[in-house]
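Written out below as structure tokens is the structure these notes cover.
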């Protein structure tokens, strides 16, 4: 066990990235213009429905066009200067074309959709940058440097150099990566490794900047400059992974250049060629305008967005925040899953799972401990631990309270980092702590070895120097974790890979419980990134599921990153593409299944839109398609694909997604 800590540590008080100053939505120019366009559009629609004069709602529609359209129009013109034609300019031309023939509402709706999409993308980028900056605050701004003459001085942590000696007092964060020179303490380094329990540190042990010291004072020799600490490298890896990640595009955007060029060329040809052969101007212009309208990608854009946006809304109602339509599309593309352990597949808090008595050798895994030797063992251990703030000590006390055991009075509480606690219980000296720190008889040592080989954290209980028993504690899997793992495996045709910074024994025990065949344990953040990239090098599209600061680089590097919401660090939540708000693991395979259904609807809609466009274009080219009929056909296809995409708004869509993989 550990000493009483000045600052609580462990999963209940795990050091996470401090609160960051997040970019407010309307602080971004893109968001302000999109909000203005949306407001003007809704107000115009309302005034039109209420029967206001045409000039009134016409002016409001014009405001929507101007506020929502000027930025994509400017972007499209810049692209045109670089001899490329993108969908930004094409959408503006289509919207203006719709307005030119009286379809002002449809053009304004297209403008609003485009402006809102750009604003969401800008906001996501800004918030990720905010969190990366906030991560740097994990490392303290100052450190206590010990000079050559033994005096102490407070200096900025950034000026520490390799070879300096720093003093870290109880409850402080470590200011630099280094190695312990002297002192004994326990350090919560879950931000770096994801380990659920504080790690005992003594002379010769490595420590990391930004981790939280326990009750003992440590003198540390600095081994890395501030720019090369593990925390600094996590920041660099997140930024690098975010910037080098393959460009995210919706399906329609992948063909936008060719489609845009083809449409413009065809429209100009349809206008210029008849004129060159003496065709009438008015009729030729009307025919070309009709062609541009019926061939414009309005229906194609709406074929893509409503299913994805509907899936986002449905997932949000059921506790999964998907940050954009692009992310929703990518979720359905995943072919492999990598999963963190602590705080993701497990609750992140140790619990008492095994009790062994030294007198009888009995094993109790749960069940009643209301009396007998086992009840006495747990009550005595809890009485000694009742003043401890160590996560293991709190778990022992909680187990005794859950079983309604009366705790005997204890006095003389004392603790030693890395060793355990000592107290006088009913007039007898009771010690509870690390088995490696005590001289144990062979039979007790065998019990300890058996528990540790099963992935438990073993804690020995002695009374008056004689072993009373051994307690086994473990971080238990979340509810339905095994079922979530199985369903993810069914959806991707391969079971997830466990990536964890925890020790190999604990990782192997959890993997055995959940049926995970591949385990990589003891990983630092950069090693998790390497594991994700190794899978992607094999042609897989990887979904990374995690919760901690140490998971953020791999969340950014993966094809799609998903974070657990309740215990997730600020950086992980902002870096991830989606967040499981309620920490329900079954929601992860469900949202993947929902995304796949949304992508199937997108394909259906594209076929419908394509058939309408092909039919109307052929009619216009081969005959004389009346403009009103062309507009009706174009708008009809838009309505059909829109309604088809909205099918995913029903709760039955989520229930169906939950059932997939069974």
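Taking residue 530, is it at pLDDT below 90, farther than 30 Å from residue 651 by Cα and in a helix (DSSP H, G or I)? No. The set of residues in region 565-592 that are modelled with pLDDT of 85 or more and part of a helix (DSSP H, G or I) comprises 587, 588, 589, 590, 591, 592. Among the residues of region 544-575, write down those that are buried (at least 24 other Cβ atoms within 10 Å of the Cβ) and either at positive phi or free of Cβ contacts under 8 Å to residues at least 24 places away in the same chain (or both). Answer for region 544-575, where residues must be buried (at least 24 other Cβ atoms within 10 Å of the Cβ) and either at positive phi or free of Cβ contacts under 8 Å to residues at least 24 places away in the same chain (or both): 555, 561, 563.
Per-residue answers, yes or no, for (1) surrounded by fewer than 24 Cβ atoms within 10 Å (Cβ to Cβ); (2) modelled with pLDDT under 80; (3) over 24 Å from the mean Cα position of the chain (by Cα):
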{"residue": "171", "(1), (2), (3)": "yes, no, yes"}
{"residue": "183", "(1), (2), (3)": "yes, no, yes"}
{"residue": "192", "(1), (2), (3)": "no, yes, no"}
{"residue": "200", "(1), (2), (3)": "yes, no, yes"}
{"residue": "205", "(1), (2), (3)": "yes, no, yes"}
{"residue": "226", "(1), (2), (3)": "yes, no, yes"}
{"residue": "246", "(1), (2), (3)": "yes, yes, no"}
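Condition test on residue 483, is it under 34 Å from the mean Cα position of the chain (by Cα) and either surrounded by fewer than 18 Cβ atoms within 10 Å (Cβ to Cβ) or at positive phi (or both)? Here the answer is yes, as residue 483 does meet what is asked. Looking only at region 466-479, residues that are surrounded by fewer than 21 Cβ atoms within 10 Å (Cβ to Cβ) and modelled with pLDDT of 90 or more come to 1 in all.
The values are calculated or read from the model by the stated rules, or taken from the named source; none is laboratory data. On a predicted model such as this, the values are computed, not experimentally measured, just so you know. In this analysis, Cβ positions are derived from the backbone assuming ideal geometry, glycine residues included, and neighbour counts consider all displayed protein chains.
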